[in-house]
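The values are calculated or read from the model by the stated rules, or taken from the named source; none is laboratory data. Since the structure is predicted, the reported quantities are computational estimates derived from the model, not experimental observations. Don't worry about glycine lacking a Cβ; one is built from the backbone with ideal geometry, like all the others, and counts go over all protein chains shown.
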Amino acid sequence: MVALAVVVGLWELTSRLAEKKAIRIPLVPLVVGGVAMVVAGYARGAEGAWVAVALTSLAILVWRMTEPPENYLRDVTAGIFAAFYVPFLATFVSMMLAADDGPWRVLVFLLLTVISDTGAYAVGWRFGRRLLAPRISPGKTRAGLFGAIAFAMTAGALSMQYLIDGGKWWQGLILGLVAAVSATLGDLGESMIKRDLGIKDMGTLLPGHGGIMDRLDSLLPTAPVVWLLLVIFVGTG
């Protein structure tokens, strides 16, 4: 499922870059390398993921050489950015899954991100007055950020206490705080990309919600944060 989400996300991202900026990213090596990152991260951990990233970057550089040299640097730079932005960050989900209690770690990661988004919407809709980043996202408010943090910290404390072996409630407070901030930054980051491209959504696969990338925006940057803190708190499993 992680690999499938990566493939669809890369297709959406590269399609929008081609349509709006005429950036020609070699999709074949990017998709193959992206799937390889996810598999390598699960099978070989961080070391395997980094090797897959390096090989994917090299493949993008070489594949683009088969086309005219105009805008070569722009295209390969965008390709390497896409490789890091989508599959590399998603690889941390498969690395979480590789632990003995991997399914629980992934569940906690998903819960924190979803509940953070829910808290931001619920509190921001009711109490939001001052915008958080008006130039980037007119819908984000400072109250919404505090709501996201409060909801995620509560969920984090409960999750670490009852779902993760060896976890402590106070660790969940830290996990929730950091996850809420990273999820918010991820949302703002993709909003910046969409504003630069002049689009509202990355795709149309999910009616009423845009594309897969519009759902992954907060999940992708939160994955390495949750993975790292879980490793620090309870080990690699």
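The table below gives the values:
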quantity	calculated
The range 153-179, subset modelled with pLDDT of 95 or more and in contact with an Asp or Glu (Cβ under 9 Å, 6 or more places away or on another chain), residue surrounded by the fewest Cβ atoms within 10 Å (Cβ to Cβ)	Leu163
Set Lys140, Lys194: member being of a type in the set (Lys, Arg), buried (at least 16 other Cβ atoms within 10 Å of the Cβ) and outside any helix (DSSP H, G or I)	Lys140
Wholly within the range 1-99, helices (runs of 4 or more DSSP H) carrying at least 2 residues that are charged (D, E, K, R)	2-21, 27-63, 72-83
Residues being free of Cβ contacts under 8 Å to residues at least 40 places away in the same chain, in the same structural domain as Val32 (by TED's automatic domain parsing) and touching a helix residue (DSSP H, G or I) at 6+ places or on another chain (Cβ under 9 Å) - total across the range 77-130	2
Filter result for the condition that a residue is crowded, with 16+ Cβ neighbours inside 10 Å and over 17 Å from Ala180 (Cα atoms), over Ala49, Ala54	Ala49
Selection from the range 89-118 of residues that are closer than 13 Å to Asp187 by Cβ and buried (at least 21 other Cβ atoms within 10 Å of the Cβ)	Thr113, Ser116, Asp117
Test result for Ser182, assigned to a helix (DSSP H, G or I), touching a helix residue (DSSP H, G or I) at 6+ places or on another chain (Cβ under 7 Å) and in contact (Cβ under 8 Å) with a residue 24 or more places away in the chain	yes
